[in-house]
1. What aspartates and glutamates does Lys121 reach when the alpha-carbon gap must be under 15 Å and sequence neighbours fewer than 8 apart in one chain are set aside?
2. Considering Cα pairs under 8 angstrom that are at least six residues apart, work out the relative contact order of the chain and quote it in whole percent.
3. Under Stokes-Einstein, with the Kirkwood radius over Cα pairs standing in for Rh, what whole-number D in µm²/s applies to the stretch 1-71 at 20 °C and 1.002 mPa s?
4. At 7 Å along Cα-to-Cβ for each site, give me the label-to-label distance between Ser123 and Glu94 in nm.
5. What Kirkwood radius, in Å to one decimal, follows from the Cα pairs of the stretch 223-288?
6. How big is the accessible area of Ser27 in square angstrom, nearest 10, if you roll a 1.4 angstrom probe over the protein chains?
7. So which trypsin sites (Lys or Arg not before Pro) in the stretch 82-149 end up in coil per DSSP with only 16 or fewer other C-beta atoms within 10 Å?
8. Can you give the direction-averaged projected area of the convex hull of the alpha-carbon atoms in the stretch 37-165, in nm²?
Amino acid sequence: MIIGSTCVDIIINIDHLPKTEENIHPSSQSLALGGCAYNVASMVKQFGVPVTLISPVGTGFYGEFVAKELEKNGFPVAVHVPGQENGCCYCLVEAGGERTFMSYHGAEYTFRKEWMTPFDKYSYDMVYVCGLEIEEPTGLDLIEYLESHPERELFYAPGPRGIRIGKEKMERIYALHPILHINELESKELSGCTSAEDAAEKLCFLTGNTVIVTLGENGTYCRERSGIAYTVPGIPTAVVDTIGAGDSHIGAVMASLSLGNSLRKSIHIANTAASAVVGVKGASLTEKEFREMSRCWGQKVF
């Protein structure tokens, strides 16, 4: 079960971020389906793993675009939010591939506990949520829903605004013993430590579960709940943009684990998937790109 946002990514390619009063000309712009939850669900689906995406869809141009693209990509719209516009995300991509986000939040970031309960008739072994949704006022509804299903393995990605989430919410999330998925900077901000290794150790103690820290081209550092720690090497690639890299990584980890692979192998597979995503424009791989990527690690694609 993937719970979270789906929005329209407005991808604007620029040479560099503009300064105050500077006039620059983007080299290109495009629209694409995005949002953390959609990106994760899309990657899981490409592995052939059954997945449910619970993502509210609002009104307006962006809402219409999201609803149409979700249906086109095999994700029935789970929740329609009448009278509230869907938001979008402006993705400023610099020449080196690094991205800066400006997110306008709309209906896709509002949640009610009752929206998820109709799906309780199905069995889920894993559930994903992102900190962007938890940060919102309706994040409490998400937490209460997660608390009502402690049997599900929770994968939690606090995201770049994780440190802005209130103490009470964070404590309640940590009490659910989530597997944390964070990048190196996020690990340091959340823990107050100066290295990814120390951060993972501290966060592992706080959550009582595994911590996965992505290190970009340097791979991924993992501290399992058992105390075992290791680094899985990265996969070299020419970077086009880094949109969706983290989302694709956690989606691949979840899908691979669901297929019965070990965590270490799943992280290797996820490193390969994330490397493929940063090598293309946007946050998703086409079916052809996914199949080409899967040959790198020999995983059967259904």
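1. Glu151
2. Computed value for the chain: 16 percent relative contact order.
3. Values: Rh = 14.0 Å.
Rounded to a whole number, D works out at 153 µm²/s.
4. In this crude label model, Ser123 to Glu94 measures out at 4.9 nm.
5. It is 12.4 Å.
6. Looks like 100 Å² after rounding.
7. Arg112
8. 9.0 nm²
The values are calculated or read from the model by the stated rules, or taken from the named source; none is laboratory data. All figures in this text were calculated on a predicted structure; none of them were measured in a lab. Note that each Cβ is placed from the backbone with ideal geometry, even for glycine, and that neighbours are counted across all protein chains shown. Remember, those area values only see protein heavy atoms, side chains included, never the ligands or the DNA or RNA. Shrake-Rupley method; radii C 1.70, N 1.55, O 1.52, S 1.80 Å.
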